[in-house]
Amino acid sequence: MLALLFYAATSAAAPDEYQVEAVFLLHFTQFVEWPPQAFSAAGTPFVIGVLGQDPFGHSLDEAVRGETVNGHPLVVRRFAAAADLSPCQILFIDRSAAGQAERVIGSLMHTGTLTVTNFEVPAPADTIIRFLNEDQRIRLRINVDYARSAGLTISSKLLRPSQVVGTIPAG
C-alpha cells in the first residue's frame, strides 16, 4: 500500500500536493504506533488536527471519512491558533502558523502527538515528519529522535523510503 501511495505522489497525473499530503496523513495512522496514553478511553476518536489555515480543503475530510484506527474513529479538527489546540494524535502545522510552530512543537514534545509540516521550522525546534516537495514529488523527512521523545514508534516501512534524521536504534 505504501508503494501505491508513493506512486500516486510521483506519477505525472498525480493529484495536487495537498491531496497527496492528506492521503499521507491518513496512512501515517498505519505506520506509526502511539503510546496507550494517547487515548483517554477505548472509543475516543483518533484526531488529525490542522493548525492554521487549512490547505487541504475537503481532501483530508474525504480521506478519513468512515476510517478507524484500532477501533478509534478518525476525525479532523481545525485549530485557528495554538491557544485553540485540544489533544490530537497527528497535528499538521500549516505555514500560516509558522510563528507559533516552535512553541507548539515544544509543548507537544512528550505527548504522543505526531507533528507534521511542509515547511522548515527554525532550529532548535523540528517536527517529527516534514513533507518535502522535490521535483513535483512528495518525500518525507522523519526525525526519529523527536518521534522517540514523543513516545511514537515509526515502522521501518515508512522509514525506508524517507530521509531520516537522528539515530535509529539497533535491533
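Bear in mind that the values in this text are calculations on the coordinates, not laboratory data. Since this is a predicted model, take the numbers as computed values, not measurements. All Cβ positions, glycine included, derive from the backbone under ideal geometry; neighbour counts span all protein chains shown.
Table for the structure above
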{"read-out": "Gain upon complete extension [residue 58, residue 78; 0.36 nm per residue less C-alpha separation]", "value": "6.0 nm"}
{"read-out": "Between region 100-149 and region 73-96, the alpha-carbon center distance in angstrom", "value": "14 Å"}
{"read-out": "Two-decimal log10 I(q)/I(0) for the chain, as the Debye equation yields it once each C-alpha is a single scatterer, q = 0.17, 0.18 Å⁻¹", "value": "-1.07, -1.23"}
{"read-out": "Of the GluC sites (Glu not before Pro) in region 53-115, those whose Cβ has at most 15 other Cβ within 10 Å and which sit in DSSP loop", "value": "67"}
{"read-out": "Phi to ³J(HN,Hα) by Karplus 6.51 cos²θ - 1.76 cosθ + 1.60 over region 50-64, Hz, x for Gly, Pro", "value": "10, 9, x, 5, 8, x, 8, x, 8, 4, 5, 4, 5, 5, 9"}
{"read-out": "³J(HN,Hα), Karplus 6.51/-1.76/1.60, whole Hz, each residue of region 121-126, x for Gly, Pro", "value": "8, x, 4, x, 6, 7"}
{"read-out": "³J(HN,Hα), Karplus 6.51/-1.76/1.60, whole Hz, each residue of region 29-37, x for Gly, Pro", "value": "4, 8, 10, 10, 10, 9, x, x, 6"}
{"read-out": "Built amide H within the under 5 Å cut-off of residue 78, gap 5+", "value": "50"}
{"read-out": "Amide H contacts under 5 Å for residue 140, placed H, 5+ residues apart", "value": "132, 163"}
